[in-house]
Amino acid sequence: MSGKLRVSYDALDALSTKVTAAGDDIEIGSKIEGGQGNAELGSDVVSGALRDATVQQVQRSKIAADSIRDAGAFPTSVKRSYADADAAQAQAAGK
């Protein structure tokens, strides 16, 4: 049984973006900051976030968000690894 692994670099980029954005979604502090800049949603977002947020919750959500953002870098590192391997293989084939 023989097969080739096909890697979609666009899919890896999209995955990285989605995972990183999930970190932004759960971080209470970013909701507060984002709400302050958005006149339409600002009052709802800020008041809701402030109502729910304590210093401890903000710290915990930041730690979780940072961990998720770090996980978002994984697909990019996979892409880089495969791209390097593809380049090395192409260079070897050219010699």
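The values are calculated or read from the model by the stated rules, or taken from the named source; none is laboratory data. A quick note: this is a predicted structure, and the numbers were derived from the prediction, not measured.
Numbers for the structure displayed
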read-out	value
Hits in segment 51-95 - residues which are of a type in the set (S, T, N, Q), within 25 Å of Gly23 (Cα to Cα) and over 16 Å from the mean Cα position of the chain (by Cα)	Thr54, Gln56, Gln57, Gln59, Ser81
Residue satisfying condition, being under 30 Å from Ser8 (Cα atoms) and either modelled with pLDDT under 75 or not acidic (Asp, Glu) (or both), within set Ile26, Ile63	Ile26
